[in-house]
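The values are calculated or read from the model by the stated rules, or taken from the named source; none is laboratory data. This one's a predicted model, so the numbers in the text were calculated from it and none came from an experiment. Don't worry about glycine lacking a Cβ; one is built from the backbone with ideal geometry, like all the others, and counts go over all protein chains shown.
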Amino acid sequence: MTGQRSDETVQQTILDTITEHGLEYAMHEGAHGGLPGIVVALPGERRLKTNTILSIGEHSVRIEAFVCRQPDENHEGVYRFLLKRNRRLYGMAYTLDNVGDIYLVGRMALHSVTPDEVDRILGQVLEAVDADFNTLLELGFKSSIQKEWEWRVSRGESLKNLRAFRHLIDEDGDDGDGPSRARRNGSTP
């Protein structure tokens with residue numbers, strides 16, 4: 001077929017782009033009959049690192065990034081958020097695996113793999129995961145966050161990595177400096 005690029009050319013374009021941007025990566029041999037790929041570590045702010053695999057197939061490059069595990073609660077709210085967010089993503093979409101874990105996936109035709117397009121797709125992965133990560137935790141893990149906050153406060157542990165979720169504590173009557181108001185008043189929630 002004319003215009004079709006070789007796997008080696010596509011792989012080299014991806015590697016050159018990743019290297020140009022100073023991103024960490026590793027080659028992945030493929031497991032359980034899956035395609036080999038390039039695993040790129042995308043550094044973020046809310047989610048410190050998002051590992052993204054680019055697997056080169058016969059006709060396309062598959063892009064896949066793990067976002068977070070299956071929500072503990074509020075599945076409908078989480079899925080509504082993901083579906084609405086899909087409308088605004090470029091070349092990527094949120095999906096679930098067989099156990100309900102959340103991934104961001106996409107495909108690029110081999111002929112469309114250019115440095116600009118690889119940069120655009122990896123940028124979209126980073127933007128989406130970093131922008132949406134805390135919201136997904138708030139929607140799907142609120143009770144766990146509240147319990148963890150309470151446990152740390154009761155033991156004098158650091159709340160540094162939970163500070164972004166302080167509003168989840170405050171709205172339930174806990175000032176974050178000690179037991180919840182209900183417990184201070186002698187009642188139990």
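Here are some notes:
- ARG62 vs. criteria at pLDDT 90 or above, under 30 Å from GLN146 (Cα atoms) and in the same structural domain as HIS111 (by TED's automatic domain parsing): no
- Being at pLDDT 95 or above and crowded, with 19+ Cβ neighbours inside 10 Å is a property that LEU42 has.
- Test for ILE53: is it part of a strand (DSSP E or B), more than 16 Å from ASP130 (Cβ to Cβ) and under 13 Å from the mean Cα position of the chain (by Cα): yes
- So THR95, is it surrounded by fewer than 16 Cβ atoms within 10 Å (Cβ to Cβ) and within 30 Å of LEU15 (Cβ to Cβ): yes
- Annotation note: of GLY3, GLY34, the sole residue that is assigned to a loop (DSSP other than H, G, I, E, B), modelled with pLDDT under 95 and either in contact with a His (Cβ under 7 Å, 6 or more places away or on another chain) or crowded, with 16+ Cβ neighbours inside 10 Å (or both) is GLY3.
- For region 45-58, a residue qualifies if it is touching a strand residue (DSSP E or B) at 6+ places or on another chain (Cβ under 7 Å) and surrounded by fewer than 17 Cβ atoms within 10 Å (Cβ to Cβ), and the qualifying residues are LYS49, ASN51.
- The single residue among VAL118, VAL125, VAL78 that is crowded, with 20+ Cβ neighbours inside 10 Å, touching a Pro at 6+ places or on another chain (Cβ under 7 Å) and not in a strand (DSSP E or B) turns out to be VAL78.
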